[in-house]
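Student: This is the structure, below, for whatever I ask next.
Every number in this text was worked out from the coordinates using simple rules, so none of it is lab data. Please read these numbers as outputs of a predicted model, since none were measured by experiment. Ideal geometry is used to build each Cβ from the backbone, glycine not excepted, and the neighbour counts take in all protein chains shown.
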Amino acid sequence: MEKQVEVQEVQGEVDDVHAVLKEIHAEMKGVHGEVDGGQFVDGEVEVTHGQPFPDSKHAVSSTHNVTSGDFWNLPPPDVFNTALVAEQNAPLVLQWPPIPLQNDSYYVALYFADTLDDNSRTFDVNINDYRFYENLTVTSAGHSVFATQWILSGLTRVILSSKSGLPPLINAGEVFGLFPIGRLTITRDALALESVKRSLQNTPDDWIGDPCMPHGYAWTGVTCQEGLNIRVISLNLSSMGISGSLSPEIANLTALTDLSFANNSLSGPIPDLIKLGKLQRLHLHDNKLNGTILQTLGRIQTLRELFLQGNNMTGAVPQNLLNNNGLTSRFLPGNNFFPRPPR
């Protein structure tokens, strides 16, 4: 089936469109894909989540140095270091992006570079049931094809079919969509999360823009509640390799019910969380936290779970925590509390 959408071939050309994309980048949500040791990696705006590609045996490394500056949209040079190559006499079929997309018009760009010297291969590119590019000839110099308005809906399949003696290949791809943001997270929560982000290292790559909106594109680890106001109600960044310290501004997320940074490398003290009057679960175990437990933590009446084991904390555990029969708490092993609390 043919589709009346402008598809442009770009190789070694710089275009003014790049400046336009930079201007709208702050309001853009997208998915990047690239081959990374046999994986297709995806994310929002920047690469964030690894999605194992089921046919990783088809990943081939390349020693060619493709100059990304020759492309109008400046793809990262590393995307040309590895390619997925189809079996001989077989098409290459990718379900990518790995998430369903809402029915809308998208910018789609695909990147190719032959892994062999002084060689070229020709193949057709289909997206779902539509011809995206016909008789695409790819060399080791690198190549990009893109469409600025391509309709996608639901799950997407990219199909490469050989038109020469060599099987098709692909290095990377991009899908971007522009959506009206509409309402925003309340300023108090947005500013608090920005402060939390500044106090941490190795936060998720998608921690940019509004934490909750557009709907369905909240920051990784952030759960939001929509109503009269859009509030952050849960922050779960367990086991994400995060270091740094907890900003005192985290206490301004006053709608939080769940807060978890378990199994990371956080250091420093636990800030005063007395303003978190709805907090039910606080999981900070297996970090490198030090300092003492503030008495105010025991005054949060909604608190039902408190896990602090596996840290380097000192001092005494406040009696209002030890005497709270409705609280499930864990202070040991680890820590150097005195007197030693019961397990």
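Student: So for each of 320-327, 301-308 I average, over its residues, the number of other beta carbons within 10 Å; can you give me the resulting order with the highest mean first?
Tutor: The densest-packed peptide leads the list: 301-308, 320-327.
Student: Still on this structure, I have one more. Arrange S260, S267 by Cβ neighbour counts within 10 Å, fewest through most, would you?
Tutor: S267, S260
Student: Now a separate question. For M240 and N336, FRET efficiency with R0 = 25 Å and r from the beta-carbon atoms, rounded to 0.05?
Tutor: That pair, N336 with M240, gives E of 0.40.
Student: Right, another one. How far apart, in nm, are two points set 7 Å out from the Cα along the Cα-to-Cβ line at R198 and at T137?
Tutor: Going from the R198 label point to the T137 one covers 5.5 nm.
Student: Once fully extended, how much extra length lies between D78 and D205, figured as 0.36 nm per residue of separation less the alpha-carbon to alpha-carbon distance?
Tutor: Here the segment from D78 to D205 would lengthen by 44.0 nm.
Student: Taking the DSSP beta bridges in region 187-337 as the whole, what percent of them are antiparallel, to the nearest 5?
Tutor: 25
Student: Sort the following peptides by mean Cβ neighbour count (other Cβ atoms within 10 Å, averaged over residues), highest first: 194-202, 270-278.
Tutor: My ranking of the peptides, most packed first, is 270-278, 194-202.
Student: DSSP loop trypsin sites (Lys or Arg not before Pro) in region 83-177 with at most 15 other Cβ atoms within 10 Å of their Cβ, which ones?
Tutor: Answer in residue order: K163.
Student: Okay, next question. So if we plug the beta-carbon distance of T223 and L322 into 1/(1 + (r/R0)^6) with R0 = 35 Å, what FRET efficiency do we get, rounded to 0.05?
Tutor: 0.70
Student: Give me the distance between the Cα centres of region 206-258 and region 290-343, rounded to whole Å.
Tutor: Here the answer is 24 Å between Cα centres.
Student: What FRET efficiency comes out for N312 versus T187 if R0 is 45 angstrom and r is the Cβ-Cβ distance? Round to the nearest 0.05.
Tutor: That pair, N312 with T187, gives E of 0.80.
Student: If one computes the Cα centroid of region 77-110 and of region 122-182, what distance in Å separates the two points?
Tutor: 7
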